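In what follows, a single structure is set out as structure tokens and then discussed.
The values are calculated or read from the model by the stated rules, or taken from the named source; none is laboratory data. Computed from a predicted model, the values in this text were never measured in an experiment. Here the Cβ is made from the backbone with ideal geometry for all residues, glycine too, and neighbour counts use every protein chain on show. Only protein heavy atoms, including side chains, enter the accessible area calculation; ligands, DNA and RNA are left aside. Shrake-Rupley method; radii C 1.70, N 1.55, O 1.52, S 1.80 Å.
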Amino acid sequence: MSGFIPTIGLEVHCELKTETKLFCSCRNAFGSEPNTNTCPICSGHPGVLPVINRKAVEYTVKAGCAIGCRISRYSKWDRKNYFYPDLPKAWQTSQYDLPLCVGGEVKINVNGEEKTVRLNRIHLEEDAGKLVHGAGTTAVDYNRCGVPLMECVTEPDMHSADEAVAFLEELSAIFRYAGVSDCRMQEGSIRADVNLSLSRPGEPLGTRTETKNLNSFRSVRRAIEAEIRRQTELLERGEKVVQETRRFDDATGEGYGMRSKEDAQDYRYFPEPDLMPVVLGDEDVERIRASLPELASDRRRRYMSELGLAEYDARLITGDPAIADLFDGAVGAGANAKKAANYIMSEIMRKGKTAGEDGVVIGISGVQLAELIALVEKGDINLVSSRDVLDKIWMTAMTPSAAVSELGLKQNNDAGEIEKLVRDIIAANPGPAADFRKGNEKVLSFFVGQLMKATKGKTNPKIAGELVRKVLSE
Ligand code: ZN
Ligand code: MN
């Protein structure tokens with residue numbers, strides 16, 4: 001052990017899911033043909049004037065309310081000047097000294113321990129375009145130019161990669177619930193910069209580095225671990241950590257220095273002369289606050305205290321608002337909370353998993369789910385055939401019982417009929433039957449398996465098991 005403690009602060013950039021861009025009426029959409037969602041304003045033509053997107057301001061205030069920020073009644077815009085091909089105006093319209101939201105906090109849970117990560121601020125700014133590197137060329141796509149972006153800056157309250165990832169997961173869940181951002185890492189709609197330094201206990205914080213633009217939880221974790229290793233080795237050799245901006249290369253798993261860190265003065269911030277300040281009244285803020293839905297943490301508490309779910313299960317169910325809505329819908333339609341949670345965690349999450357994405361697709365309503373669980377409980381179908389029912393009703397309005405009859409899945413619970421089948425199968429397999437009488441209990445499952453095969457899985461397995469034992473013991 002090196003005896004060094006890492007201290008980590010994050011800057012999280014999060015795209016808002018508004019219909020249009022921050023200062024013009026171009027569409028804010030991911031995946032369009034390059035340079036189709038552009039106009040003279042967002043591509044930086046001279047002489048044009050920006051107009052503030054009211055929704056973007058509201059969404060940022062909503063996000064701030066969701067994490068307990070102080071909402072500024074007066075905030076203003078500033079120009080952050082830098083020269084890079086993805087920024088056609090050569091400045092980014094941002095907020096410098098008077099951001100929309102100040103303070104706030106997010107509670108995380110790491111290995112069963114609750115911790116608080118404080119936020120310093122959330123400000124609103126415009127995104128830059130995207131450089132697309134090809135064989136020997138670099139092209140620019142300006143579609144992302146001017147997309148509204150919240151920058152959330154934390155205090156240096158995290159001390160491990162686990163804590164940083166837990167914070168990002170919780171922040172994404174909050175913003176998804178609040179309905180202000182999809183927080184899809186693979187679409188670049190949430191990106192994180194990591195500030196990291198090492199120090200010995202009781203000593204002042206060491207020199208920090210900033211690793212920019214990490215776009216998956218996995219690369220955040222790997223970049224933090226690599227940077228802790230690098231700084232530890234430097235310090236142990238008696239060398240100094242240089243303050244700098246770094247990149248992390250996902251392919252090699254290593255970070256590299258990009259430039260010595262610029263200070264705020266290098267950006268020559270000055271007030272944006274083309275935009276009015278944002279002035280909010282108490283009634284504006286209260287109206288926006290009142291429009292917030294129940295958030296992940298509130299739901300989690302409710303699931304644990306009122307519905308008796310374990311913390312782990314409550315966390316999993318509330319990780320995605322679509323799943324939590326399904327759970328609430330099923331419980332509202334009469335399903336037992338624990339049974340609904342179990343069925344969602346085992347079957348629905350498997351079925352709804354989308355290839356290569358963070359989220360799940362839900363193709364069933366709460367009412368359908370409640371009925372499906374009830375059919376399994378009543379013994380009309382077993383768990384295995386419930387998967388066929390799920391496939392049949394997925395993304396349709398069909399009721400589970402209609403699917404059961406259409407698929408001919410109704411389970412046989414008639415003990416008399418099952419006993420007759422059991423006797424036939426035992427008579428046809430004298431060898432295994434003799435094994436059982438010699439004390440080999442394992443052949444029980446062989447007979448149940450044969451029975452299931454003969455009836456295409458439509459026999460109540462519990463009744464079948466009991467009857468096999470009874471008949472063999474005669
Ligand atoms: Zn535009
Ligand atoms: Mn920024």
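The table below gives the values:
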{"read-out": "Top-ranked residue of the range 159-199 - restricted to ones that are at pLDDT 95 or above, in a helix (DSSP H, G or I) and not aliphatic (A, V, I, L, M), ranked as nearest to LYS62 (Cα to Cα)", "value": "PHE167"}
{"read-out": "Filtered residue count, the range 200-249, keeping only those that are open to solvent by less than 50 Å² (accessible area, probe 1.4 Å), modelled with pLDDT under 95 and of a type in the set (Gly, Ala, Ser)", "value": "3"}
{"read-out": "Options THR116, THR138; residue that is touching a Lys or Arg at 6+ places or on another chain (Cβ under 7 Å) and of a type in the set (Ser, Thr, Tyr)", "value": "THR116"}
{"read-out": "Residue count, the range 127-157 (criterion: open to solvent by 50 Å² or more (accessible area, probe 1.4 Å), more than 28 Å from ILE108 (Cβ to Cβ) and not charged (D, E, K, R))", "value": "8"}
{"read-out": "Filter result for the condition that a residue is within 10 Å of ligand 1 (Cβ to nearest atom), more than 25 Å from the chain's Cα centre (by Cα), of a type in the set (Ser, Thr, Tyr) and surrounded by fewer than 17 Cβ atoms within 10 Å (Cβ to Cβ), over SER43, SER25", "value": "SER25"}
{"read-out": "Some residue of the range 143-155 being within 16 Å of ligand 1 (Cβ to nearest atom) and part of a helix (DSSP H, G or I)", "value": "yes"}
{"read-out": "Residue match in the range 118-126 (condition: part of a helix (DSSP H, G or I), open to solvent by 10 Å² or more (accessible area, probe 1.4 Å) and within 16 Å of ligand 1 (Cβ to nearest atom))", "value": "no"}
{"read-out": "Hits in the range 11-22 (condition: part of a loop (DSSP other than H, G, I, E, B) and within 15 Å of ligand 1 (Cβ to nearest atom))", "value": "THR18, GLU19, LYS21, LEU22"}
{"read-out": "Check on GLU58, in a helix (DSSP H, G or I), at negative phi, among the acidic types (Asp, Glu) and away from ligand 1 (no atom under 16 Å from the Cβ)", "value": "yes"}
{"read-out": "Spans of helices (runs of 4 or more DSSP H) in the range 276-325 with at least 3 residues surrounded by fewer than 16 Cβ atoms within 10 Å (Cβ to Cβ)", "value": "282-290, 296-305"}
{"read-out": "Output for the range 406-437, where each listed residue is touching a residue at least 40 places away in the same chain (Cβ under 8 Å), part of a helix (DSSP H, G or I) and either surrounded by 15 or more Cβ atoms within 10 Å (Cβ to Cβ) or among the aliphatic types (A, V, I, L, M) (or both)", "value": "ALA415, ILE418, GLU419, VAL422, ILE426"}
{"read-out": "Checklist (1) at pLDDT below 90; (2) of a type outside the set (Ser, Thr, Tyr); (3) outside any helix (DSSP H, G or I) applied to VAL384, failing item", "value": "(3)"}
{"read-out": "Condition broken by GLY103, with the remaining ones in (1) within 23 Å of TYR177 (Cβ to Cβ); (2) touching an Asp or Glu at 6+ places or on another chain (Cβ under 7 Å) satisfied", "value": "(2)"}
{"read-out": "The range 250-275: number of residues that are part of a loop (DSSP other than H, G, I, E, B), open to solvent by 60 Å² or more (accessible area, probe 1.4 Å) and in contact with a helix residue (DSSP H, G or I) (Cβ under 9 Å, 6 or more places away or on another chain)", "value": "1"}
{"read-out": "Complete set of residues in the range 388-405 that are within 28 Å of the chain's Cα centre (by Cα) and exposed (fewer than 14 other Cβ atoms within 10 Å of the Cβ)", "value": "ASP391, MET395, THR396, ALA397"}
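Every residue, every condition in (1) open to solvent by less than 20 Å² (accessible area, probe 1.4 Å); (2) not in a strand (DSSP E or B), yes or no:
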position	(1), (2)
TYR84	no, yes
LEU87	yes, yes
ASP97	no, yes
VAL106	yes, no
THR116	no, no
